[in-house]
Protein chains: 2
Amino acid sequence: MLYVIGLGLSDEKDITVNGLEAVRKSERIYLEAYTSILLVDVPKLEEFYGKSVTVADRDMVETESDAILDRASEIDVSFLVVGDPYGATTHTDLILRARNAGVPVKVIHNASIMNAAGASGLQLYNFGQTVSIPFFTETWKPASFVPRIADNMRTGSHTLLLLDIKVKEQSIENLARGKKIFEPPRYMSVSTAVNQLLTLLEEGAEGYTEEAYTKDTLAISLSRVGSDQQVIKAGTLAELAEVDEEEFGPPLHSMILVGSRLHDLEAEFIEAFSVSTKEKSQ
Amino acid sequence: MLYVIGLGLSDEKDITVNGLEAVRKSERIYLEAYTSILLVDVPKLEEFYGKSVTVADRDMVETESDAILDRASEIDVSFLVVGDPYGATTHTDLILRARNAGVPVKVIHNASIMNAAGASGLQLYNFGQTVSIPFFTETWKPASFVPRIADNMRTGSHTLLLLDIKVKEQSIENLARGKKIFEPPRYMSVSTAVNQLLTLLEEGAEGYTEEAYTKDTLAISLSRVGSDQQVIKAGTLAELAEVDEEEFGPPLHSMILVGSRLHDLEAEFIEAFSVSTKEKSQ
């Protein structure tokens, strides 16, 4: 059996009891480590499981899936995913490969940012499409996600913004030379995301439209949701741009742009996170 | 501390290890039992926890929250929620009351239908707003959710449909007489939901628009997601209407209306669930 197991959001004990039982009876255990991260490291997981864990990078999952699936019809193999197993296309792809190879698959669900975003106090049924914000490069300021935000705003819906993660990236130079030297991992902070959004606005980038957002759009930052170090802040984009980057703390970060259809209960809940209220009370 | 703990989707072992530890050290444990259900009953939970559990109905949560929060600043109290704690407005409200009463709150996230809908193979970031379908009554055929589906369809997004649950409802007669006699619980099946959708269409109900759906709209049924008894079927609404109700099995059911922006990977994944493919291969 191939167990595809969601680890949830934060630490080694966010796995479900069903998930833990599957891990402990597995002969091989892989941890997918390029679409998200836990707040604990691999040795901590191994200690808790009493088992060794193989870290699987994008290359391995996408090109060596046969090795992952090897003998999985006879023995138990666990493939661990931060969040929920269906949180990224690449996992759906692995499940499909297993299915096509006749390997029985059991998916063990868990929380992911897609539903834990409810920690903001915004009701999940009021969210529209989710968008991902890529890092600007020296030559490219991607804005193709902006029209999707505008789609959501037109119906009054909130938008969850997933912020870019770069793991095991090669510099163009090393890539050209075929050198397998990897850059340190980068996790986009709320500050970077807000600055990128405001840059697209200021430069009137192609694809940007003020139907999507302006500097006065209400936004909510989410840092390390579900952990004891969770930080949530609410303010306009202009206000969040003024917040010291350190206040958002270490990764992972996500953001929400708030739609116009804001209920009283939602508004009351997010008031406690307001950066402008805090300033007033100081 | 008030622990608000998601139980996940299916059985007693879908709780996280963090959640279980919190339950086992709590002095009082409440189970919210009117917005969703697990596939196991309360004695099973109690046996697994080694603790007794108080079932909290809507009345208790909404009008007796003081009793739930009693002394929760000094002792540990667990409030258990099927799915994720932020899955229903009523839980957000309880968290808010706790916050206002100065009770420290720790939320322990879990999977909910809002992210486990990914089991369909449809990518979660392609979902728009979520809608709820209420049961028709003798005098009322609600269609107010239809324009929201149309909003999603216009942007090519998928729509998750949550199907009505009626727990501890009183008949109008018993309500009028003040008799606390409750009807048996009712959980809307996919068959009922499909029939209601097609009735709104056939009758040209106010609010219905063919931009939202027609009988040829592709839909996916989800039964008991995340459990070993999970059943997923894909077909047009007309095709799903022809499926024997028993094939969808016992509750809980949900549905997805598929938007036009269907990726190849999504299409390939849901092919295995197709009711029309099955008919062809018979």
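The values are calculated or read from the model by the stated rules, or taken from the named source; none is laboratory data. Nothing here was measured: the structure is a model prediction, and the numbers come from that model. As a convention, Cβ positions derive from the backbone with ideal geometry for all residues, glycine included, and neighbour counts pool all protein chains shown. These accessible areas exclude ligands, DNA and RNA; they are computed on the full protein's heavy atoms, side chains included. Shrake-Rupley method; radii C 1.70, N 1.55, O 1.52, S 1.80 Å.
From the list A:A238, A:A205, A:A212, pick out the single residue that is out of contact with any strand residue (DSSP E or B) (no Cβ under 7 Å at 6 or more places or on another chain) and part of a helix (DSSP H, G or I).
The match here is A:A238.
Would you be able to say whether some residue in the stretch A:148-165 is in contact (Cβ under 8 Å) with a residue 40 or more places away in the chain, of a type in the set (K, R), more than 29 Å from B:V146 (Cβ to Cβ) and within 14 Å of chain B (Cβ to nearest Cβ)?
no
Exactly one of these conditions fails for A:L218: (1) farther than 23 Å from A:N115 by Cβ; (2) buried (at least 19 other Cβ atoms within 10 Å of the Cβ). Give me its number.
Of (1) farther than 23 Å from A:N115 by Cβ; (2) buried (at least 19 other Cβ atoms within 10 Å of the Cβ), only one is false for A:L218: (1).
Determine, yes or no, whether A:K25 is surrounded by fewer than 18 Cβ atoms within 10 Å (Cβ to Cβ), at pLDDT 95 or above, touching a strand residue (DSSP E or B) at 6+ places or on another chain (Cβ under 6 Å) and outside the structural domain of A:K168 (by the TED database).
So A:K25 fails the test.
Looking at the stretch B:251-261 only, could you name the residues that are out of contact with any Phe, Trp or Tyr (no Cβ under 7 Å at 6 or more places or on another chain) and either aliphatic (A, V, I, L, M) or without any contact (Cβ under 8 Å) to a residue 60 or more places away in the chain (or both)?
B:M255, B:I256, B:V258
Across the stretch B:114-144, which residue is surrounded by the most Cβ atoms within 10 Å (Cβ to Cβ) among those that are more than 10 Å from chain A (Cβ to nearest Cβ) and without any contact (Cβ under 8 Å) to a residue 24 or more places away in the chain?
The residue in question is B:P142.
Within the stretch A:169-188, is even one residue modelled with pLDDT under 95, open to solvent by 10 Å² or more (accessible area, probe 1.4 Å), within 20 Å of A:L201 (Cβ to Cβ) and not assigned by the TED database to the domain that holds A:G83?
no
Looking at (1) in a helix (DSSP H, G or I); (2) in contact with a Lys or Arg (Cβ under 8 Å, 6 or more places away or on another chain); (3) not aliphatic (A, V, I, L, M), which is the one condition that is false for B:S221?
Only one criterion in (1) in a helix (DSSP H, G or I); (2) in contact with a Lys or Arg (Cβ under 8 Å, 6 or more places away or on another chain); (3) not aliphatic (A, V, I, L, M) is unmet by B:S221, namely (1).
Taking B:A241 as the residue in question, decide whether it is modelled with pLDDT of 95 or more and closer than 26 Å to A:I149 by Cα.
Taking the combined requirement at face value, the residue does not satisfy it.
Tally up the residues in the stretch B:1-17 that are buried (at least 22 other Cβ atoms within 10 Å of the Cβ) and over 19 Å from the mean Cα position of the chain (by Cα), please.
The total comes to 3.
If only one of A:E247, A:E268 is assigned to a helix (DSSP H, G or I), open to solvent by 60 Å² or more (accessible area, probe 1.4 Å) and under 27 Å from B:T90 (Cα atoms), which one is it?
A:E268
Taking into account only those residues within the stretch A:15-29 that are aliphatic (A, V, I, L, M) and facing chain B (nearest Cβ under 7 Å), which is nearest to A:S73 (Cα to Cα)?
By that ranking, first place goes to A:L20.
Does B:A205 satisfy the condition of being away from chain A (no Cβ under 14 Å), modelled with pLDDT under 95, over 15 Å from the mean Cα position of the chain (by Cα) and open to solvent by less than 30 Å² (accessible area, probe 1.4 Å)?
yes
Name the residue that is least open to solvent (accessible area, probe 1.4 Å), counting only residues in the stretch A:63-76 that are of a type outside the set (A, V, I, L, M) and assigned to a helix (DSSP H, G or I).
A:S65
Working only within the stretch B:76-113, note down all residues that are among the basic types (K, R) and either more than 9 Å from chain A (Cβ to nearest Cβ) or within 16 Å of the chain's Cα centre (by Cα) (or both).
B:R97 - this is the single residue of the stretch B:76-113 that is among the basic types (K, R) and either more than 9 Å from chain A (Cβ to nearest Cβ) or within 16 Å of the chain's Cα centre (by Cα) (or both).
Restricting to the stretch B:30-62, name every residue that is touching a residue at least 12 places away in the same chain (Cβ under 8 Å), assigned to a loop (DSSP other than H, G, I, E, B) and of a type in the set (D, E).
Hit for the stretch B:30-62 is B:D57, nothing else.
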